[in-house]
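Encoded as structure tokens, the structure appears first; notes follow it.
The values are calculated or read from the model by the stated rules, or taken from the named source; none is laboratory data. The structure displayed is predicted, hence computed values, not measured ones. Because the Cβ atoms are built from the backbone with ideal geometry, glycine has one as well, and the counts that use them run over all protein chains shown. Remember, those area values only see protein heavy atoms, side chains included, never the ligands or the DNA or RNA. Shrake-Rupley method; radii C 1.70, N 1.55, O 1.52, S 1.80 Å.
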Amino acid sequence: MDERTFDRSGQHASVVGLGTWQLGADWGDVDDKEALAVLEAAAEAGVTFFDTADVYGDGRSEQTIAAFLGGRPDLHVLVATKMGRRVDQIPENYVLDNFRAWNDRSRRNLGVDRIDLVQLHCPPTPVYSTDEVFDALDTLVEEERIAAYGVSVETCAEALTAIARPNVASVQIILNPFRMKPLREVLPAAREAGVGIIARVPLASGLLSGKYTRDTVFPENDHRTYNRHGESFDVGETFSGVDYVTGVEAAAEFAALAPEGYTPAQLALRWIIDQPGVTTVIPGARSPEQARANAAAARLPELSGETLTAIRDLYDRRIKDQVESRW
């Protein structure tokens, strides 16, 4: 699989990575055996970038990655984790002492002395404008606790603030055919600055797979049930912030645009891969079959201008007004 570079850090990632939120919690139950099988399938398909967080299953996702990579010393995988969501979300918690404590825990979970990439996990907006926060992250690099750092953001404004920081290696942002606003300013600014873009929620929490209907019922421990209106965290993380009924209807239109040989999910992933400035896209997977199908999107042809125009038209008609003013 093709790899792209985080220019500021010199690190490389496969164009399709693997998001491992599903392997920790909040997407229904995935047992340890199945989680390891997903990691194995992704790696065998050429995935060299795993994204996790200390809060996914309260460390379970990190530990699962460690268990898998511990048994596969032949693999070279860039592992990115995130920190900050295990405490009250107030700017005062984003200080060096806490960073060291969070980093210690993640290094234990991952079984490493130095983490490849650590990202602030959608912190309060003022954090992005606080010099002391980035001084503290620089200290973690100097202490060789981490090789590089980035941020995960909710809004385009937060992304642009982070990109202006000289040592931010990556910005993780929601980008998919139902969330196009980052194309206007964020991706061009990142390209200019040499900041990598990690595209998350690429399938709009599964909507863009075309598998769901108005009557689909998700498990109680799935965020697509308990966070549908932002009850637990930013609603933009669930169905990309799109009203579920609207999303299902728009997803049916989207599925009809898939060229021959593409599944709807692969169409969404290929659309993201084709956007200038994207370094890697991180779909999740609950089964080896999903992991392999996601990775296969990297080998599909670039989309035609006609298909790209039709996807943009769908977004403008059905989705844009719901999401652009918020994120």
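Percent relative contact order of region 188-327, based on C-alpha pairs within less than 8 angstrom and at least six residues apart? Please list the in-between numbers first.
Details: 157 pairs, mean separation 43.7, N = 140.
Here the relative contact order equals 31 percent.
Sorted from largest down, give the three principal axis spans of the alpha carbons of region 1-63, whole angstrom values.
Taking max minus min along each principal axis of the Cα atoms, region 1-63 gives 35, 24, 17 Å.
Whole-Hz ³J(HN,Hα) for each residue in region 8-17, computed from phi via Karplus 6.51 cos²θ - 1.76 cosθ + 1.60 with θ = phi - 60°, x for glycine and proline: what do you get?
5, 9, x, 7, 10, 9, 4, 5, 10, x
Going highest first, how would you order 211-218, 160-167 by mean Cβ packing within 10 Å? Before the final figure, lay out each step's value.
Values: 211-218: 11.5, 160-167: 18.0.
Per-residue Cβ counts within 10 Å, averaged per peptide and sorted highest first, yield 160-167, 211-218.
Take peptides 254-263, 191-200, 70-79 and line them up by average Cβ neighbours within 10 Å, highest first, as a rough protection proxy. Present the calculation step by step, with values, prior to reporting the outcome.
On the way: 254-263: 15.9, 191-200: 21.4, 70-79: 13.1.
Ranked from most to least packed, the peptides come out as 191-200, 254-263, 70-79.
Using the Cα centre of the chain as origin and beta-carbon charges of +1 (Lys, Arg) and -1 (Asp, Glu), tell me which of Leu69, Pro123, Val38 is placed farthest towards the positive end of the dipole.
Toward the positive end, the furthest listed residue is Val38.
Hand me the GluC sites (Glu not before Pro) from region 130-164 located in a DSSP loop with no more than 16 other Cβ atoms within 10 Å, in residue order please. Show your work: numbers first, answer last.
Values: sites: Glu132, Glu142, Glu143, Glu144, Glu154, Glu158; in loops: Glu143, Glu144, Glu154.
Sites meeting the loop and neighbour criteria: Glu143, Glu144.
Find the relative contact order for region 3-322 and round it to a whole percent, using C-alpha pairs within less than 8 Å whose residues are 6+ positions apart. The partial results should precede the final answer.
Working: 605 pairs, mean separation 71.5, N = 320.
Value for region 3-322: 22 percent.
How large is ³J(HN,Hα) for each residue in region 261-268, as worked out from phi by the Karplus curve 6.51 cos²θ - 1.76 cosθ + 1.60 (θ = phi - 60°), to whole Hz, x for Gly and Pro?
Going residue by residue, I get x, 10, 7, x, 5, 5, 4, 4 Hz, with x marking Gly and Pro.
I'd like the distance between the alpha-carbon centres of region 46-78 and region 245-323, rounded to an integer number of Å.
26
Relative contact order for region 13-75 using alpha-carbon pairs under 8 Å, separation at least 6, rounded to a whole percent? List each step's numbers first, then the result.
Details: 70 pairs, mean separation 27.3, N = 63.
Over region 13-75, the number comes to 43 percent.
How big is D for the chain, in µm² s⁻¹ as a whole number, if Stokes-Einstein is applied with the Kirkwood radius of its Cα pairs at 37 °C and 0.692 mPa s? Present the calculation step by step, with values, prior to reporting the outcome.
Details: Rh = 19.6 Å.
D, rounded to a whole number, is 167 µm²/s.
With every protein chain in place, what's the accessible area of Phe178 (1.4 Å probe, Å², nearest 10)?
Solvent-accessible area, nearest 10 Å²: 0 Å².
What FRET efficiency comes out for the pair Lys211/Arg184, r = Cβ-Cβ distance, R0 = 35 Å, nearest 0.05? Mind dumping the intermediate values first?
Working: r = 30 Å, r/R0 = 0.85.
Given R0 = 35 Å and the Cβ-Cβ separation, E is 0.70.
Of the options Gln89, Tyr262, Ala101, report the single residue whose Cα projects farthest towards the positive end of the charge dipole of region 3-322 (beta-carbon charges: Lys, Arg +1; Asp, Glu -1).
Result: Tyr262, furthest along the dipole toward the positive end.
Take every Cα-Cα pair in region 253-327 and report what % of them are more than 14 Å apart. Walk me through the numbers on the way to the answer.
Details: 1799 of 2775 pairs.
Of all Cα-Cα pairs in region 253-327, 65 percent lie more than 14 Å apart.
Which value, in debye to the nearest 20, describes the size of the charge dipole of region 3-322 about its Cα centre when Lys and Arg Cβ atoms bear +1, Asp and Glu Cβ atoms bear -1, and nothing else is charged? Could you put the intermediate results ahead of the total?
Values: 32 positive and 48 negative charges, 110 e Å.
I would put it at about 520 debye.
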